[in-house]
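The values are calculated or read from the model by the stated rules, or taken from the named source; none is laboratory data. All figures in this text were calculated on a predicted structure; none of them were measured in a lab. Here the Cβ positions follow ideal geometry from the backbone for every residue, glycine too, while neighbour counts run over all protein chains shown. With ligands, DNA and RNA removed, areas are computed over all heavy atoms of the protein, side chains included. Shrake-Rupley method; radii C 1.70, N 1.55, O 1.52, S 1.80 Å.
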Amino acid sequence: MGSVGTVINLTVHGIGRPERELDPGEGDTWVSVAQFEQVLDAVVGREDVRVTFDDSNSSDLEIALPRLLERGLKAEFFVLAGLLGRPGRLTADGVRTLIKSGMRVGSHGWAHRDWRRIDNEQAVEELTDAHRTLTELTGRQVSRVAIPFGSYDRHVLRRLRRAGVTRAFTSDGGRARRGTWLQPRTSLVRHLDESWTRGVLRPPSAMLMARKLAGRAVKRVRG
């Protein structure tokens, strides 16, 4: 099922009733429990679909984890290392529970900053301190990242490679080639329904693929 040699990366940000005040625009990617379950049911048995989570929301553990386990699904959780334990966010123990449950943990940075607009000191926090903190917490080498806000350019990509990042996930949407270093993802959105899910999971047209590839190429060289 799906295009040969490609994969769909889905991104979940928050589920259910938020337990913290959301940033402007953040509610656009917050979904209900029913919407989340509908997407999970649609991807069961789909080897060409990966489920990921950003932002370290407490709903990752309280709502998402049991529903993933019920369906035999695995997911990768990209954690904000500097916000662990904050109201509405995952705790260190919560991250350990994800690992013990067979999930993968990667880095979403330190404090949810735009990596195109950070200075050298902040870059150390985002790409060195965050990785070290999560590696020590999980007992596993953390070297995969999800780029906050999907904001990147050639300078950001260079920093990531120098930091030893083994795979970087974006928010560009569309299918990704299996095994490539830079992986686009599609975020779940507040208005999603079964029609939206079918559209995301169906093979794309050649024209749409070309537009997506062109947009990603521009980001890779700008800056």
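Values as computed for the structure displayed
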| quantity | calculated |
| --- | --- |
| Subset tally (residues that are open to solvent by less than 40 Å² (accessible area, probe 1.4 Å) and more than 14 Å from Leu160 (Cα to Cα)) for the range 119-138 | 4 |
| Count - residues of the range 152-187 that are of a type in the set (D, E, K, R) and surrounded by fewer than 15 Cβ atoms within 10 Å (Cβ to Cβ) | 6 |
| Selection status of Leu192, in a helix (DSSP H, G or I), open to solvent by less than 50 Å² (accessible area, probe 1.4 Å), out of contact with any His (no Cβ under 9 Å at 6 or more places or on another chain) and modelled with pLDDT of 95 or more | no |
| Arg71 vs. criteria more than 30 Å from Gly45 (Cβ to Cβ) and of a type outside the set (Asp, Glu) | no |
| Any chance Val95 is open to solvent by 60 Å² or more (accessible area, probe 1.4 Å), at pLDDT 95 or above, in a helix (DSSP H, G or I) and β-branched (Val, Ile, Thr) | no |
| Test: residue in the range 33-46 that is touching a helix residue (DSSP H, G or I) at 6+ places or on another chain (Cβ under 9 Å) and without any contact (Cβ under 8 Å) to a residue 24 or more places away in the chain | no |
| Selected residue (criterion: most open to solvent (accessible area, probe 1.4 Å)) from residues of the range 1-57 that are aliphatic (A, V, I, L, M) and part of a helix (DSSP H, G or I) | Ala34 |
| Condition met for Arg116 (surrounded by 13 or more Cβ atoms within 10 Å (Cβ to Cβ), modelled with pLDDT under 95 and farther than 17 Å from Arg50 by Cβ) | no |
